[in-house]
Amino acid sequence: GATYAEGLTLESARWTPHSSVGGPAAVELVWRCEAPLAGNYKVFVHALDGAGALVAQHDALLGGEEHPSASWQAGEAVTGRYGLLLPPAGAPGALHLRAGLYNPDTGQRLRLADGQDTVALGTLVVD
């Protein structure tokens, strides 16, 4: 997993392995907190083309409106499901999926223990 300085860990990720131009893709992320969190964070999921350009994204409150991250208990695991709609004018090929967290009040991304601010999830093939 990928661990953030705030004590959050992205434990696992699953996603739709194939989609079509203009089609949907689903991403499921499992998060665990090691200690109560100071605030409510937002998660982003990005799909990037081979040149690194953003082609689709989804931003959401981590844990959703019904269970935001500031209410999580130490050791709790929470699963989030996020949808991406690929652009109808896109080209077939491989898209690189990345995820991360940010503070919605400041827009500042949370840093992983290694200093990075995104996690590479894997590849989505678009036909």
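The values are calculated or read from the model by the stated rules, or taken from the named source; none is laboratory data. Keep in mind it's a predicted model, so treat the numbers as computed, not measured. Cβ sites come from the backbone with ideal geometry, for glycine too, and all protein chains shown count toward neighbours. When the accessible area is computed, the model is the full protein with side chains, heavy atoms only, and any ligands, DNA or RNA have been set aside. Shrake-Rupley method; radii C 1.70, N 1.55, O 1.52, S 1.80 Å.
A few points about this structure:
Conditions (1) part of a loop (DSSP other than H, G, I, E, B); (2) out of contact with any His (no Cβ under 6 Å at 6 or more places or on another chain); (3) in contact (Cβ under 8 Å) with a residue 12 or more places away in the chain; (4) not hydrophobic (A, V, I, L, M, F, W, C), marked per residue:
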position	(1), (2), (3), (4)
A60	no, yes, yes, no
G64	yes, yes, yes, yes
A74	yes, yes, yes, no
T79	no, yes, yes, yes
P88	yes, yes, yes, yes
L95	no, yes, yes, no
A99	no, yes, yes, no
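- Residue in the stretch 16-36 that is over 17 Å from R98 (Cβ atoms), acidic (D, E) and more than 16 Å from the chain's Cα centre (by Cα) present: yes
- Between G93, G39, the distinction of being at pLDDT below 95 and touching a helix residue (DSSP H, G or I) at 6+ places or on another chain (Cβ under 7 Å) belongs to G39 only.
- Of all residues in the stretch 12-32, those satisfying the criterion of being hydrophobic (A, V, I, L, M, F, W, C) and farther than 11 Å from T123 by Cα are A13, V21, A25, A26, V27, L29, V30, W31.
Residue by residue, here is whether (1) open to solvent by less than 20 Å² (accessible area, probe 1.4 Å); (2) under 26 Å from S20 (Cβ atoms); (3) in contact with a Phe, Trp or Tyr (Cβ under 7 Å, 6 or more places away or on another chain) holds:
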| residue | (1), (2), (3) |
| --- | --- |
| P68 | no, no, no |
| G83 | no, yes, no |
| A91 | no, yes, no |
| L95 | yes, yes, no |
| Y102 | no, no, yes |
| D105 | no, no, no |
| L110 | yes, no, yes |
| D117 | no, no, no |
| L124 | yes, yes, yes |
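- Residues (open to solvent by less than 60 Å² (accessible area, probe 1.4 Å), closer than 15 Å to R109 by Cα, of a type in the set (G, A, S) and in a loop (DSSP other than H, G, I, E, B)) located in the stretch 1-54: G7, G39
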